[in-house]
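**Q** First the structure, which I've put down as structure tokens, then a few questions once you've had a look.
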Amino acid sequence: MDWRGHLGFNLLIMSVLSYLMSLSGAEINKVIIISSILSSLPDIDLRLELPHRKVTHNIFFGLITSLTAGYLASYLGFSFTVVTSSFLIAFTTHLLCDLLTKMPFRPLYPLIKTPVALKLFRSSNAVINTLFLILGVIAYYVYINKYGFII
């Protein structure tokens, strides 16, 4: 997936879950927005010229990165909970979104070393990436229409 697909998928999942669970307020809004912005973070492997979907595409790397970011944020006076949650959600939705694509990877490495993929579409599919973005924006619009935009 490209940034549009990941951002839209994260917005879609977080908006729908927050709506269904009646979560509202400044903190949840911050988490939705920050996690959506960070949703392509695991693809940093492409910029660092690491093998794609290896080191950065597993839940353990996401957990370590999330806790580290939360600790650093709290040291700088920001909310540990908001930052850690945002990072962890961004990693989780990224991995879930990548599971839908044709390219297998190991999201639970090193516990489970078997590569998995649902093989529904190619990650480069522009229609799917745009569709996720549109659905995510619509879902977030419905969410803020009910609960308001609070930061």
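**Q** Of everything in region 42-89, what is closer than 18 Å to VAL31 by Cβ and of a type in the set (Asp, Glu)? Give them in sequence order.
**A** The answer is none; no residue qualifies.
**Q** Taking the conditions exactly as written (under 22 Å from SER35 (Cα atoms), open to solvent by less than 20 Å² (accessible area, probe 1.4 Å), out of contact with any Lys or Arg (no Cβ under 9 Å at 6 or more places or on another chain) and β-branched (Val, Ile, Thr)), does THR81 satisfy them or not?
**A** So THR81 does not fit the description; no.
**Q** Next question. Out of (1) part of a loop (DSSP other than H, G, I, E, B); (2) of a type in the set (Ser, Thr, Tyr); (3) over 12 Å from MET1 (Cα atoms), what's the single condition that is false for TYR143?
**A** Of everything listed in (1) part of a loop (DSSP other than H, G, I, E, B); (2) of a type in the set (Ser, Thr, Tyr); (3) over 12 Å from MET1 (Cα atoms), TYR143 misses just condition (1).
**Q** If you take the residues of region 63-84 that are touching a residue at least 40 places away in the same chain (Cβ under 8 Å) and either assigned to a helix (DSSP H, G or I) or not hydroxyl-bearing (Ser, Thr, Tyr) (or both), which of them is farthest from ILE44 (Cα to Cα)?
**A** THR81
**Q** Given the structure, is ARG47 among the basic types (Lys, Arg), under 25 Å from LEU133 (Cα atoms) and open to solvent by less than 60 Å² (accessible area, probe 1.4 Å)?
**A** Answer is no for this residue.
Condition check ((1) at pLDDT 95 or above; (2) among the acidic types (Asp, Glu); (3) open to solvent by less than 40 Å² (accessible area, probe 1.4 Å)) across all residues:
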| site | (1), (2), (3) |
| --- | --- |
| THR56 | yes, no, yes |
| PHE61 | yes, no, no |
| GLY70 | yes, no, yes |
| LEU76 | yes, no, no |
| PRO104 | yes, no, no |
| TYR109 | no, no, no |
| LYS113 | no, no, no |
| LEU120 | yes, no, no |
| ASN125 | yes, no, no |
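**Q** Return the total of residues in region 16-54 being assigned to a helix (DSSP H, G or I) and either of a type in the set (A, V, I, L, M) or in contact (Cβ under 8 Å) with a residue 24 or more places away in the chain (or both).
**A** 23
**Q** Continuing with the same structure: Restricting to region 85-102, what's the tally of residues that are open to solvent by less than 20 Å² (accessible area, probe 1.4 Å) and not charged (D, E, K, R)?
**A** 8
**Q** Restricting to region 92-146, and then to whatever is basic (Lys, Arg) and in contact with a helix residue (DSSP H, G or I) (Cβ under 9 Å, 6 or more places away or on another chain), can you tell me which residue is farthest from PRO42 (Cα to Cα)?
**A** LYS146
**Q** Within the bounds of region 85-102, is there any residue that is part of a loop (DSSP other than H, G, I, E, B) and over 15 Å from HIS6 (Cβ atoms)?
**A** Within region 85-102, one or more residues are part of a loop (DSSP other than H, G, I, E, B) and over 15 Å from HIS6 (Cβ atoms).
The values are calculated or read from the model by the stated rules, or taken from the named source; none is laboratory data. A quick note: this is a predicted structure, and the numbers were derived from the prediction, not measured. Don't worry about glycine lacking a Cβ; one is built from the backbone with ideal geometry, like all the others, and counts go over all protein chains shown. The protein model used for the area step is the full one, side chains on, heavy atoms only, and it has no ligands, DNA or RNA in it. Shrake-Rupley method; radii C 1.70, N 1.55, O 1.52, S 1.80 Å.
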